[in-house]
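Here's the structure we're looking at; comments come further down.
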Amino acid sequence: MTERINIRQETKDDFSAVFEVNHLAFGQDSEAKLVDALRNNPVVFVPELSIVATESNQTVGHILFTKINIIDDQGEAHESLALAPMAVRPEFQKCGIGGQLIRKGLEVAKGLGFQSVIVLGHEHYYPKFGFEPAEKWNIKAPFEVPSNVFMAIELVKDGLKNISGRVVYPKEFETV
Ligand SMILES: CC(C)(COP(=O)(O)OP(=O)(O)OC[C@H]1O[C@@H](n2cnc3c(N)ncnc32)[C@H](O)[C@@H]1OP(=O)(O)O)[C@@H](O)C(=O)NCCC(=O)NCCS
């Protein structure tokens, strides 16, 4: 089934379908509203990193990466990306679409010059794509979270070398 899947940057024609995919996948509106809110924040939104999976012109998946900062002990900010949220329509899950969205997103992010990505998520899933516990770089979440679910990946060699500190998410995440 997944051979017919197309992965591409979203357009404004996808906005309502992206809302629906997030709503269906999470069983609530919070993440769908988060995507809408982040899209309206030009400081953190990167259009190329709001990516959809389509099948026969139906939007079946979505992934979003937004800009975040890692603030070190000196108060200096280091730019990174947060992978969140990601959603696949329930009837299309477990077919590898999520994996395709992640790989494409990491490739596009690297091409745009980003050095790293942070994710809060399933500890057995994201390591398949190269994510490792962020504590390896002494990068911490802004809230209490088990260390194995807060992960990071370097998009380029040494992309996180000498970068440590606390992640600051865009304010839009506070409402989720
Ligand atoms: C997470 C999600 C996007 C993965 O999409 P997908 O197309 O099913 O992903 P894939 O087919 O590439 O991989 C499926 C695998 O990921 C695992 N997985 C990923 N995230 C998971 C999670 N949050 N909880 C449980 N399992 C998860 C599945 O169990 C499955 O494992 P397997 O390959 O060992 O069977 C999809 O399951 C979804 O929309 N879930 C609801 C929303 C959500 O939790 N999003 C992530 C948090 S932002």
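The values are calculated or read from the model by the stated rules, or taken from the named source; none is laboratory data. Everything numeric here is computed off the predicted structure, so don't read it as measured data. Here Cβ is always computed from backbone atoms with ideal geometry, including for glycine, and neighbour counts include all displayed protein chains.
Conditions (1) in contact with a strand residue (DSSP E or B) (Cβ under 9 Å, 6 or more places away or on another chain); (2) within 27 Å of Asp29 (Cα to Cα); (3) part of a helix (DSSP H, G or I); (4) within 13 Å of the ligand (Cβ to nearest atom), marked per residue:
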position: Leu101; (1), (2), (3), (4): yes, yes, yes, yes
position: Ala109; (1), (2), (3), (4): yes, yes, yes, no
position: Gly159; (1), (2), (3), (4): yes, no, no, no
position: Arg166; (1), (2), (3), (4): yes, no, no, no
position: Glu172; (1), (2), (3), (4): yes, yes, yes, no
Cβ pairs under 7 Å, 6+ apart or interchain, first in the stretch 92-109 and at negative phi, second near the ligand (Cβ under 7 Å from one of its atoms) and not aliphatic (A, V, I, L, M), ordered by first then second residue, are Phe92/Gly61; Ile97/Gly61; Gly98/Gly61; Leu101/Gly61
Just one listed residue, out of Ile63, Ile70, is within 27 Å of Gly113 (Cβ to Cβ), surrounded by 22 or more Cβ atoms within 10 Å (Cβ to Cβ) and more than 16 Å from the ligand (Cβ to nearest atom), and it is Ile70
Per the filter on the stretch 75-99, residues crowded, with 20+ Cβ neighbours inside 10 Å and near the ligand (Cβ under 7 Å from one of its atoms) are Ala84, Pro85, Met86, Ala87, Val88, Phe92, Ile97, Gly98
Checked the stretch 8-58 for anything within 16 Å of the ligand (Cβ to nearest atom) and among the small types (Gly, Ala, Ser); matches are Ala17, Ala25, Gly27, Ser30, Ala32, Ala37, Ser50, Ala53
* Do the conditions hold for Leu34, that is, is it under 13 Å from Tyr169 (Cα atoms), modelled with pLDDT of 95 or more and in a strand (DSSP E or B)? -> no
Filtering the stretch 133-146 down to residues that are loosely packed, with under 15 Cβ neighbours inside 10 Å, within 16 Å of Ala82 (Cα to Cα) and not aromatic (Phe, Trp, Tyr) yields Pro142, Val145
Of those in the stretch 111-132 that are in a strand (DSSP E or B) and without any contact (Cβ under 8 Å) to a residue 40 or more places away in the chain, the residue farthest from the ligand (Cβ to nearest atom) is Glu132
